[in-house]
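Asker: Here it is, the structure, as structure tokens.
FYI, it's all coordinate maths here, none of it is from the lab. The structure presented is a predicted model; accordingly, all values stated were derived computationally and were not measured. Here the Cβ is made from the backbone with ideal geometry for all residues, glycine too, and neighbour counts use every protein chain on show.
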Amino acid sequence: MSIYGKIIDGKFEEAPVNFKTENGIIINFNLNKKMMKKYGYKAFTEQEIQELNPVVEVPIQALKFSKLKVKNALSDLGLWVEVKNTMTEEEYEDFMIAQDLSFDNEAFVKFYNLLKLQVSNIDDVLRGCAI
């Protein structure tokens, strides 16, 4: 299957649903191959698009995480009770009142380092909890 678009600043840009011209707006532009070609759009394969717009993985340290998603992910792994019991009362209180979890919080860094010892794919688990 091909997707119509243009290369703009070295990146693939998909054809818009509606396209504004000097004469007005072309509704459902992205469904009209003749019009897309007329305005310089062409067909690209998924592979071509991926080569033009490679997925850049954001470093885990730059993400923020949902507390509830983290708790549920650890529960699914059977680790929540154990991890919770390793927290001091103050750390658990901080966990409970935090809006989210991130690496700019010392308590979370300690929590993360503890999890790394118990969960080999903790970065993948946490990416699933990103907000």
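Asker: Treating only the Cβ of Lys, Arg, Asp and Glu as charged (+1, +1, -1, -1), what charge dipole size does the stretch 2-52 show about its Cα centre? Round to the nearest 20 debye.
Answerer: 340 debye
Asker: Now for a separate question. Over all directions, the average projected area of the alpha-carbon convex hull for the chain comes to how many nm²?
Answerer: Orientation-averaged projected area of the Cα hull: 12.1 nm².
Asker: While we're here: Dipole size in debye (nearest 20) for the stretch 60-127 around its Cα centre, Lys and Arg Cβ +1, Asp and Glu Cβ -1?
Answerer: 280 debye
Asker: Where does the charge balance sit around Asp123 when Lys and Arg score +1, Asp and Glu -1, over other residues with C-beta under 15 Å from its C-beta?
Answerer: +2
Asker: Starting from one equal scatterer on each C-alpha and no solvent at all, send me the Debye-based log10 I(q)/I(0) for the stretch 60-127 at q = 0.20, 0.21 Å⁻¹, two decimals.
Answerer: Treating every Cα as an identical point scatterer, log10 I(q)/I(0) equals -0.78, -0.87.
Asker: Could I ask something else about it? May I ask you to sort Tyr39, Tyr4 by Cβ crowding, counting other Cβ atoms within 10 Å and putting the fewest first?
Answerer: Tyr39, Tyr4
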